[in-house]
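Each value in this text was obtained by applying a stated rule to the coordinates, not by laboratory testing. Here the structure is a predicted model, which is why all the values come from computation and not from measurement. FYI the Cβ positions are ideal-geometry reconstructions off the backbone, even for glycines, and counts take in every protein chain you see.
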Amino acid sequence: MRSEKSVHLRLLGVACVALLSIAPGTSASVSAADDPFGAAVEAARKTHDEKQMQSLKGQLEQMIAQNPNDAGIYLELARVLEYFLDVQ
């Protein structure tokens, strides 16, 4: 059974995707090839590079602090957090 924290983080990811789909001027269908940061997240996930994932998480948190209205950054952070949930 999943922990309450796990459920909340997954809901955060779903909310980010939903926000991306309704945010003006953004596209929910951006592929990793179109998003270099997304490509880095996917590469780290595939190789199970926890150190790289921690680094990406820190970078994303800094980017959110600088631009809190960018839904795409929240989506990438949700993907990183999902990785940590999967390896628990």
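Using 0.36 nm per residue, how much length does the chain from LYS46 to GLN62 gain when fully extended, once their Cα-Cα distance is taken away? Don't jump to the answer; show the numbers that get you there.
Working: separation 16, 0.36 × 16 = 5.76 nm, distance 2.35 nm.
Length gained between LYS46 and GLN62: 3.4 nm.
Of the listed peptides 66-72, 76-82, what is their order by residue-averaged count of other C-beta atoms within 10 Å, with the highest listed first?
Values: 66-72: 12.9, 76-82: 20.0.
My ranking of the peptides, most packed first, is 76-82, 66-72.
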